[in-house]
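Worksheet for the structure shown next.
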Amino acid sequence: MASGWGWGNIFGGGNTAKSKDAPKNAILGLRSTLEMLSKREKHLQNQMDEQDAIARKNVAGNKAMAKAALRRKKNYEHQLEQTSAQMLTVEREISSIETANINKETLDAMKHAQQAMKKIHGGLTIDKVDQTMEDLREQHAIGEEIAEALTQGNIGQGVDEDELDEELAELQQEELDNKMLRTGSVPVSDQIQRMPAVGTGEIKGKQQRIEEDDEEEELRKLQAEMAM
């Protein structure tokens, strides 16, 4: 004899599967009912049309038959109204179940997302995050100190401002020289700055030679006049 108890029933697996399929089965059953009511609606409409035709055919020759046909038509019309109302009810229930099932699926998805987030975060707290960031900053600082210690003595200790000024002056002078070469003129101030410095003895010697040349020139002029 087969027993109704199994592992699925013991652990609730069977009930879980049934509860999951319940909305789908309910919708399938309601759609089947709606299809049956739709067929009944068409049948009742055909019966009404048939009785209406009989009443019209006998309205002049056989009033009793025409009246009976109208009575049957009214009965079919009443059944048709009931059927249409039932169809509206079934359609509304199908829509309600579909909406409820969508809401349930959405809620289940949100629960799974919440559980996943909770698992990801685990025991993570703001204090732990702050401590981790502080540890990272300390390690970065240690790394900077190590790099500085390893490169100590191999890198200049700083920049000498006087040296920078001298290099800047040299660059400015080179730029000025290049401009003068392109234009072909040299400023007077630059010429004075570029005149080589000479000693006092050299200046005196030049003056003496100039004076001797002047005396010789005057002597030649005097000789020329006496020759005349």
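The values are calculated or read from the model by the stated rules, or taken from the named source; none is laboratory data. Since the model is a prediction, treat every value here as computed from it, not as a measurement. With ideal geometry, Cβ positions are generated from the backbone for all residues, glycine too; neighbour counts draw on all protein chains shown. Note: accessible area is taken over every heavy atom of the protein model, side chains too, but ligands, DNA and RNA are not part of it. Shrake-Rupley method; radii C 1.70, N 1.55, O 1.52, S 1.80 Å.
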Subset of the stretch 78-94 that is free of Cβ contacts under 8 Å to residues at least 12 places away in the same chain and over 18 Å from S32 (Cβ atoms) - its residue that is least open to solvent (accessible area, probe 1.4 Å): A85
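Any residue that is β-branched (V, I, T), assigned to a loop (DSSP other than H, G, I, E, B) and either in contact with a His (Cβ under 7 Å, 6 or more places away or on another chain) or at negative phi (or both) - is there at least one of those in the stretch 55-73? Even if it seems obvious, please write down each step before you answer.
Looking only at the stretch 55-73, we keep the residues that are β-branched (V, I, T), and these are 59.
Remaining after also requiring assigned to a loop (DSSP other than H, G, I, E, B): 59.
Next, only the ones that are either in contact with a His (Cβ under 7 Å, 6 or more places away or on another chain) or at negative phi (or both) stay: 59.
Scanning the stretch 55-73, I find at least one residue that is β-branched (V, I, T), assigned to a loop (DSSP other than H, G, I, E, B) and either in contact with a His (Cβ under 7 Å, 6 or more places away or on another chain) or at negative phi (or both), so the answer is yes.
Can we say R40 is in a helix (DSSP H, G or I), under 15 Å from L88 (Cα atoms) and either open to solvent by 40 Å² or more (accessible area, probe 1.4 Å) or modelled with pLDDT under 95 (or both)? I'd like the intermediate steps shown before the answer.
Numbers: in a helix (DSSP H, G or I): yes; under 15 Å from L88 (Cα atoms): yes; either open to solvent by 40 Å² or more (accessible area, probe 1.4 Å) or modelled with pLDDT under 95 (or both): yes.
In short, yes.
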Residues of the stretch 95-148 satisfying the condition of being farther than 30 Å from I27 by Cα, open to solvent by less than 100 Å² (accessible area, probe 1.4 Å) and among the acidic types (D, E): D130, E134, D135, E138
Sole exception among (1) at pLDDT 90 or above; (2) at positive phi for I142, by number: (2)
